[in-house]
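Worksheet: the structure to be examined is printed underneath.
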Amino acid sequence: MTNAIEAEGLVKRFGKTTALDGVDLAVPGGKILGMLGPNGAGKTTAVRILATLLRPDAGWARVAGYDVVKQSTQVRSLVGLTGQYASLDEDLSATENLVLLGRLLGLSKPQAKIRAAELLARFELTDAAKRSIKTFSGGMRRRADLAASLVGRPDVLYLDEPTTGLDPHSRNEVWDTVRTLVDDGVTVLLTTQYLDEADQLADLITVVDHGRIIATGRPDELKRHTGGQTLQVRPTLQVDMDATAAILADLTGTKPLRDDDTGLLTAPVADPMLLSAVVRRLDDAGITADELALRLPSLDEVFLSLTGRKSSSDTDAARVPERSNA
Amino acid sequence: MTAATVAAPRHTVITRRGPIDALRDSLVLAGRNIVKIRKNPETLLDVTLQPILFLFMFVYLFGGAIAGDTHAYLQMLMPGLMVQNIAFASLGTGTALNTDITKGVFDRFRSMPIARSAPLVGAVLGDIVRYLVAMAVLVITAVILGFRVHTDPGSFLLVIALMVVFGLCLCWVSVFVGMLVKSPQAVPGVLVAFIMPLTFGSNVFAPTSSMPGWLQGWVKINPVTQLTDAARGLLNGGPWADHAAYAFLWALAIAVVFFPLAFRAYRRRVG
Ligand SMILES: Nc1ncnc2c1ncn2[C@@H]1O[C@H](COP(=O)(O)OP(=O)(O)OP(=O)(O)O)[C@@H](O)[C@H]1O
Ligand SMILES: [Mg+2]
């Protein structure tokens, strides 16, 4: 299988900022690449270059074999883009926006209307189809934007942080859509700040920081590198801490980390199936827990283990989101 | 329905957009601007309400003083107000384009296989509708106040055509500024410095002969003055062809200078 997206040595500077500092990419056709990185890592810049919206200062990129600079028309006819920030006309309704895009892609007016209705139905926006985008909630906008990027039936789809700001239901909807698209043979490049999103969807994960790629691999390879998952247990009663710690030590084979202030016990686990064993043992011992969860390492922890230092988010590191997986 | 039927790849590669495709893309995008006008008529307030206010204010406040009687003044003022109105209306193009760029709407268009110039050409073509609405509102108000065309419908239509052509030439100044400034709000601010001497330093409101000599020099060569004289001739009867030719050359000169500047700035900003 040839690569649908290929790039080598991409460099992009904005004044003194080097947004991309020699990025190589290779995404086989029909696969999902998850590009994982903190704020300011260069994810959006990479996507914009691959979508022909920016020219690289050095290096090259090809989509389906077409050069993004020299053959931008060809590239544009094959890609769909859902940018990080909404790109629909706020004054127009969802239908009007999609019909406009369909018309620009060469559909007749009736064809464009049918296409718009199909896509809006797919994203549960039929009821809001006639409302202007400016009345949409954040999640509705994301979905409308995603629908817009599919009007042209792209071969390659770029999704720049497609689930940031979505509630769990909408997030799952987006994930399902992405999976179905890939089943149809679409190649997807998805940027995200969430390891679990990349883990759920991607065939390949590339971790970027400061415009450089610091790791690339299959999700399981990366996770092995970063120590798999973390089990968190918070017994309801403080007095059960010792007994719980003993059970965890027994099952995971390591002494759990214990925080007496928050009453939280954490232990690394390699096998997610362990969760049910923990539940059974706690139940047998008559211990109830307020919190019992398996979670992936946060982006911070991934960075810590990959680079030996904290992630270099250009905003407050504490804002790098972390999601529970239970 | 599943995404399978909705989003299977099309596998069609477009290699080139020729001039006919470009025209089609531009017309589709012009259509978008027209839909926007229909949905948000309040965006036209600056080119509808303002000239109406001017009409009332000048006719009843100063009409008697300037022309001796308000009706005579209305006949003289109305053609000039049309010119002023079209000049103001042409400022909107840059603001609208800048809004599209900062809001990300342009990114969507640019990621699609459409002609590069289409969003620009579409915006300018769509503006013709704005010009026509602005003219219509002004004419209707003036007619209610007693304004009459003393010539023939053909001359009236010629005036409208001249106005639209003038607006289409002038709008490149606004496009140029719109491509250079960061936010859409900055566009009118910058352009006021350009548009004020053009529209007020003219014979729209008062006869040139009533002005001091140094000002007359500018007023006489001002294209707004020339176009006003042409419109007066066409609507009230009188010579107009020389004035129209002069104004047209001026407009052409403005377009010849600012179209390349605007286009280059456009390519640089969103190329
Ligand atoms: N148009 C621009 N002008 C100047 N600097 C820019 C521009 N675009 C991006 N940058 C800078 O380039 C760097 C990378 O930005 P980019 O938007 O690609 O990051 P990102 O990984 O998408 O971040 P986020 O998660 O916040 O979206 C940042 O330091 C940013 O400030
Ligand atoms: Mg980004």
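The values are calculated or read from the model by the stated rules, or taken from the named source; none is laboratory data. All figures in this text were calculated on a predicted structure; none of them were measured in a lab. Note: ideal-geometry Cβ built from the backbone for every residue, glycine included; neighbour counts use all protein chains shown. Just the protein is used for accessible areas: all its heavy atoms, side chains included, with ligands, DNA and RNA removed. Shrake-Rupley method; radii C 1.70, N 1.55, O 1.52, S 1.80 Å.
Evaluated against (1) under 16 Å from A:ASP91 (Cβ atoms); (2) more than 9 Å from chain A (Cβ to nearest Cβ), B:ASP100 falls short on exactly one condition, (2). The set of residues in segment B:134-150 being open to solvent by 50 Å² or more (accessible area, probe 1.4 Å) and touching a helix residue (DSSP H, G or I) at 6+ places or on another chain (Cβ under 6 Å) consists of B:VAL149, B:HIS150. Here A:ILE114 meets the list (1) open to solvent by 10 Å² or more (accessible area, probe 1.4 Å); (2) assigned to a loop (DSSP other than H, G, I, E, B); (3) within 25 Å of B:PHE106 (Cα to Cα) almost entirely, failing just condition (2). Looking across segment A:103-128, the residues that are within 7 Å of another protein chain (Cβ to nearest Cβ) and aliphatic (A, V, I, L, M) come down to A:LEU104, A:LEU105, A:LEU119, A:ALA121.
Can you spot a residue in segment B:24-44 that is of a type in the set (Asp, Glu), farther than 30 Å from B:VAL204 by Cβ, within 9 Å of another protein chain (Cβ to nearest Cβ) and out of contact with any Leu (no Cβ under 7 Å at 6 or more places or on another chain)? No: zero hits.
Listed by position, the helices (runs of 4 or more DSSP H) enclosed by segment B:178-271 that each have at least 2 residues that are touching an Asp or Glu at 6+ places or on another chain (Cβ under 9 Å) and open to solvent by less than 60 Å² (accessible area, probe 1.4 Å) are B:223-236, B:241-270.
Among the residues of segment A:39-57, those that are within 6 Å of ligand 1 (Cβ to nearest atom) and small (Gly, Ala, Ser) comprise A:GLY40, A:ALA41, A:GLY42. A:GLY165 satisfies every condition listed in (1) in contact with a Gly (Cβ under 7 Å, 6 or more places away or on another chain); (2) within 16 Å of ligand 2 (Cβ to nearest atom); (3) modelled with pLDDT of 90 or more except (3).
A Cβ distance below 9 Å, combined with a sequence gap of six or more or placement on separate chains, defines the contacts here; from segment B:52-67, residues that are more than 16 Å from B:SER210 (Cβ to Cβ) reach residues that are of a type in the set (Ser, Thr, Tyr) in the pairs B:ILE52/B:THR141; B:LEU55/B:THR141; B:PHE56/B:THR141; B:VAL59/B:THR70; B:VAL59/B:TYR73; B:TYR60/B:THR70.
The numbered conditions (1) crowded, with 22+ Cβ neighbours inside 10 Å; (2) in contact with a Gly (Cβ under 7 Å, 6 or more places away or on another chain) are all true for A:GLY138 except (1).
Put simply, of B:SER111, B:SER155 the only residue that is polar (S, T, N, Q) and free of Cβ contacts under 8 Å to residues at least 40 places away in the same chain is B:SER111. State which residue is farthest from ligand 2 (Cβ to nearest atom) when the search covers only segment A:39-56 and only residues that are in contact with a helix residue (DSSP H, G or I) (Cβ under 7 Å, 6 or more places away or on another chain) and in contact (Cβ under 8 Å) with a residue 40 or more places away in the chain. Filtering segment A:39-56 for residues that are in contact with a helix residue (DSSP H, G or I) (Cβ under 7 Å, 6 or more places away or on another chain) and in contact (Cβ under 8 Å) with a residue 40 or more places away in the chain, the one farthest from ligand 2 (Cβ to nearest atom) comes out as A:PRO56. Note on segment A:164-181: among residues that are under 16 Å from A:ASP145 (Cα atoms) and of a type in the set (Ser, Thr, Tyr), the one that is surrounded by the most Cβ atoms within 10 Å (Cβ to Cβ) is A:THR177. Identify the residue in segment A:150-160 that is assigned to a loop (DSSP other than H, G, I, E, B) and surrounded by 22 or more Cβ atoms within 10 Å (Cβ to Cβ) and, among all such residues, is nearest to ligand 1 (Cβ to nearest atom). Looking at the filtered set, the residue picked out is A:PRO154.
Name the residue that is nearest to A:ARG142 (Cα to Cα), counting only residues in segment A:69-102 that are more than 9 Å from chain B (Cβ to nearest Cβ), open to solvent by less than 10 Å² (accessible area, probe 1.4 Å) and touching a Phe, Trp or Tyr at 6+ places or on another chain (Cβ under 8 Å). Across segment A:69-102, the extreme among qualifying residues is A:THR82. Checking B:THR102, B:THR70, B:THR93, B:THR12 one by one, the residue that is under 23 Å from A:LEU119 (Cα atoms) and either touching a helix residue (DSSP H, G or I) at 6+ places or on another chain (Cβ under 7 Å) or open to solvent by 30 Å² or more (accessible area, probe 1.4 Å) (or both) is B:THR12 and no other.
Here the condition is being in the same structural domain as A:THR187 (by TED's automatic domain parsing) and open to solvent by less than 40 Å² (accessible area, probe 1.4 Å); of A:ALA245, A:ALA267, A:ALA215, it holds for A:ALA215 alone. Starting from residues that are within 16 Å of ligand 2 (Cβ to nearest atom) and of a type in the set (A, V, I, L, M), keep the ones in segment A:1-24 and report whichever is surrounded by the most Cβ atoms within 10 Å (Cβ to Cβ). So the residue we want is A:LEU20. Contact annotation: residue pairs with Cβ atoms under 8 Å, 6 or more positions apart or on different chains, pairing a residue in segment B:233-257 that is under 18 Å from B:ARG148 (Cα atoms) with a partner that is open to solvent by 80 Å² or more (accessible area, probe 1.4 Å), are B:GLY233/B:PRO239; B:GLY233/B:TRP240; B:LEU234/B:TRP240; B:LEU235/B:HIS150; B:ASN236/B:HIS150; B:GLY237/B:HIS150.
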